[in-house]
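Data first, discussion second: the structure below is written as structure tokens.
The values are calculated or read from the model by the stated rules, or taken from the named source; none is laboratory data. Fair warning: this is a prediction, and the values are worked out from it, not measured in the lab. Cβ placement follows ideal geometry from the backbone for every residue including glycine, while neighbour counts extend to all protein chains displayed. Accessible surface is based on the protein model in full, side chains and every heavy atom, while ligands, DNA and RNA are left aside. Shrake-Rupley method; radii C 1.70, N 1.55, O 1.52, S 1.80 Å.
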Amino acid sequence: MTAISAVAATPGEKAAPRPGDGIVYPADVVMNRAFTVDGTAAEVWPWLAQLGKRRAGWYLPERLERLLPASRRATRDINPAWQTLSAGDVIPDYGGRHATFTVAAIDPPASVVYRSRRGNTELTWSITLQSVSGNPAAPRTRVHLRLRMAPIKHQRLANTIGELFDLLTVAAMAAGLRERVSEHRHTR
């Protein structure tokens, strides 16, 4: 499986309405990513709830994290202090020194919607979890990420370079999330 196919949203996932779609509407740019994690939504959710700068970090696979100083690596544990995410909470972001995301809506363990402003651009980032396995012995969860932005002055650039950057960062995060959920499931 390539990094591209590992985080490719299906046409149905791209067309489906997601929480937060109405916040930035109409959007000039919409990026959809989706991937599957072995585990229930309840097992995946705590890892997503604690994402963020000065929180759990941005998950990367262990083989990439080894290249980073220890202080820059994302946590490999669930921290109870980061599990109480609520609408209105402000989370520092890696998009700049003062960049933040604000929790616009949250419905654990199904979805969280963040919103932010970067210059004149409004954006939302929606994370939705959905069970895709009817087999209780082998639960699987589909994680769908949707980024919506407007206004975008250089849409062509956003749809090429921005898409590539989004693809690579989400593919790395998906691999790191899969590792963490798997390790946690097997150590309980």
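Table for the structure above
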| quantity | calculated |
| --- | --- |
| Failed item, numbered, when ALA56 is tested on (1) modelled with pLDDT of 95 or more; (2) open to solvent by less than 20 Å² (accessible area, probe 1.4 Å) | (1) |
| Residues being modelled with pLDDT of 95 or more and basic (Lys, Arg) - total across the stretch 25-53 | 1 |
| Hits in the stretch 82-109 - residues which are open to solvent by less than 50 Å² (accessible area, probe 1.4 Å) and in contact (Cβ under 8 Å) with a residue 24 or more places away in the chain | LEU85, ILE91, PRO92, ASP93, PHE101, ALA104, ALA105 |
| ARG33 being closer than 15 Å to ALA174 by Cα, among the basic types (Lys, Arg) and touching a helix residue (DSSP H, G or I) at 6+ places or on another chain (Cβ under 9 Å) | yes |
| Conditions (1) open to solvent by 90 Å² or more (accessible area, probe 1.4 Å); (2) closer than 15 Å to GLY176 by Cβ; (3) among the polar types (S, T, N, Q); number of the one not met by GLN50 | (1) |
| Complete set of residues in the stretch 64-81 that are open to solvent by less than 70 Å² (accessible area, probe 1.4 Å), of a type outside the set (S, T, N, Q) and free of Cβ contacts under 8 Å to residues at least 40 places away in the same chain | LEU68 |
